[in-house]
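Novice: Before I ask anything, let me first share the structure, which is written out below as structure tokens.
The values are calculated or read from the model by the stated rules, or taken from the named source; none is laboratory data. As the structure is a computational prediction, the values presented were derived from the model and not from experiment. Methodologically, a virtual Cβ is constructed for each residue, glycine included, from the backbone with ideal geometry; neighbour enumeration extends over all protein chains shown. Accessible surface is based on the protein model in full, side chains and every heavy atom, while ligands, DNA and RNA are left aside. Shrake-Rupley method; radii C 1.70, N 1.55, O 1.52, S 1.80 Å.
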Amino acid sequence: FNQNEELGKFDVVICSEVFEHVEDTGQLLYEITRLVREGGYLSISTPSGWMYRIPRLVNIKMFIRNPATFVKYFLFPERNWKEALQIHPAIQPIKLMNLLGKHGFRLIHRQSALWLISERGLFFRWLMAKEKKHPVKAGIQLYHHVAKLDALMNVVPFFQIFESRFVLLMEKRI
């Protein structure tokens, strides 16, 4: 993207699938804030903390095996970030929006995405059974089902509990 007239400032900064890999997120947000000009934009995407908060079979199993670890790393990773990095932490969208708000950004748009289908889930097993009989048809059906759920997540906020990723478009306040 084009660099703004201000030395070292940019109109748009993209931080895609990075946040969940960085130990010092405060430093990352500081650098992003430093790079985006006033009135400029930040697009940031990361795993959504919602995927661990819905009563899916895999979440229930992980909780039963080790409740303390599940709560510490999956439900509240921001409190234990350095340790949670080993499991690829997922932050709740509102928590990231609040962090960015403290750095002078305001939300322009929030987009939900279903980028992950659990191998242990019923939908995945149903799809695998269909794929054995009709591979191309199963692929087309998967595409259409995911597209429908993506659309629902972005029209009806309740369905955001199914998102595995989210993208925020933030504007740096003047």
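Novice: Which lysines, on any chain, are close to LYS72 with Cα under 17 Å apart, when same-chain ones fewer than 8 places away are left out?
Specialist: Within reach: LYS61, LYS82, LYS95.
Novice: Identify the GluC sites (Glu not before Pro) of region 1-103 meeting these criteria: DSSP loop state and at most 16 other C-beta atoms within 10 Å of the C-beta. Could the numbers behind the result be given before it?
Specialist: Details: sites: GLU5, GLU6, GLU17, GLU20, GLU23, GLU31, GLU38, GLU78, GLU83; in loops: GLU5, GLU6, GLU17, GLU23.
When the GluC sites (Glu not before Pro) of region 1-103 are filtered for loop state and at most 16 Cβ neighbours within 10 Å, GLU5, GLU6, GLU17, GLU23 remain.
Novice: How would you order 66-75, 140-149 from highest to lowest mean count of nearby Cβ atoms within 10 Å? Show your work: numbers first, answer last.
Specialist: Values: 66-75: 14.7, 140-149: 13.0.
Ranked from most to least packed, the peptides come out as 66-75, 140-149.
Novice: Amide H neighbours of SER164 under 5 Å, at least 5 residues apart or on other chains, H built in the peptide plane: list them.
Specialist: Those lying under 5 Å, H to H, from SER164 are ALA113, LEU114, TRP115, LEU116.
Novice: Ok, one more. Whole number please: convex hull volume per residue, Cα atoms of region 1-104, in Å³. Don't jump to the answer; show the numbers that get you there.
Specialist: Working: hull volume 9.8 nm³, N = 104.
Dividing the Cα hull volume of region 1-104 by its residues yields 94 Å³.
Novice: Relative to the Cα centre, what is the charge dipole magnitude of the chain, using +1 at the beta carbon of each Lys and Arg, -1 at the beta carbon of each Asp and Glu, and rounding to the nearest 20 debye?
Specialist: Values: 24 positive and 16 negative charges, 191 e Å.
Result for the chain is approximately 920 debye, rounded to the nearest 20.
Novice: How about LYS137: which lysines have a C-alpha closer than 24 Å to its C-alpha, ignoring those fewer than 8 places off in the same chain?
Specialist: Straight-line reach from LYS137, under 24 Å: LYS148.
Novice: Note down, for region 49-109, the three equivalent ellipsoid semi-axes (square root of 5 times each alpha carbon gyration tensor eigenvalue), biggest first, whole angstrom. Intermediate values should be presented prior to the final figure.
Specialist: On the way: eigenvalues 130, 36, 11 Å².
Working through the eigenvalues yields semi-axes of 26, 13, 7 Å.
Novice: Considering the options LEU57, ASN98, HIS109, tell which one lies farthest towards the positive end of the dipole of the chain, charges being +1 on Lys and Arg and -1 on Asp and Glu at the Cβ, about the Cα centre.
Specialist: After comparing all options, I get LEU57.
Novice: Tally up the carbon and sulfur contribution to the accessible surface of region 21-135 as a whole percent, 1.4 Å probe, everything protein left in place. It would help to have the intermediate numbers written out before the result.
Specialist: Details: 3950 of 6760 Å².
Roughly 58 percent of what the probe reaches on region 21-135 is carbon or sulfur.
Novice: Let me ask something additional. Using the Karplus curve 6.51 cos²θ - 1.76 cosθ + 1.60 with θ = phi - 60°, what ³J(HN,Hα) values do you get for each residue of region 42-54, in whole Hz, with x for Gly and Pro?
Specialist: Karplus-based 3J(HN,Hα) across region 42-54 equals 10, 10, 10, 10, 6, x, 8, x, 4, 5, 9, 9, 9 Hz.
Novice: If amide hydrogens are placed 1.01 Å from N in the peptide plane, which non-local residues have theirs closer than 5 Å to the one on VAL18?
Specialist: Placed amide hydrogens put SER45 under 5 Å from VAL18.
Novice: Using Cα pairs under 8 angstrom and six or more residues apart, how large is the relative contact order of the chain, in percent?
Specialist: Details: 261 pairs, mean separation 53.1, N = 174.
It comes to 31 percent, rounded to a whole number.
Novice: From largest accessible area down, sort ASP24, ASP150; use a 1.4 Å probe on the protein chains.
Specialist: Numbers: ASP24 90, ASP150 40 Å².
The most accessible residue leads, giving ASP24, ASP150.
Novice: Tell me the per residue accessible area of the chain using a 1.4 Å probe; a whole number in Å² is fine.
Specialist: Working: 10440 Å² over 174 residues.
Accessible area per residue, the chain: 60 Å².
Novice: Moving on. If amide H atoms are built 1.01 Å from N in the plane of the peptide, which residues on other chains or at least 5 residues away come under 5 Å of the amide H of GLY40?
Specialist: Residues meeting the amide H criterion: LYS172.
Novice: How charged is the neighbourhood of GLU163? Take every other residue with its Cβ under 15 Å from the Cβ of GLU163, and add Lys/Arg as +1 and Asp/Glu as -1. Before the final figure, lay out each step's value.
Specialist: On the way: positive: ARG53, ARG56, LYS95, ARG110, LYS148, ARG165; negative: GLU17, GLU20, ASP150.
Within the 15 Å Cβ shell, the charges total +3.
Novice: Restricting the count to DSSP beta bridges whose residues both fall in the chain, what percent are antiparallel, rounded to a multiple of 5? Could the numbers behind the result be given before it?
Specialist: Values: 16 of 23 bridges.
Restricted to the chain, the bridges split so that about 70 percent are antiparallel.
Novice: Let me cross-check VAL167: its accessible surface, 1.4 Å probe, with only protein heavy atoms counted, in Å² to the nearest 10?
Specialist: Near enough 40 Å² of accessible area.
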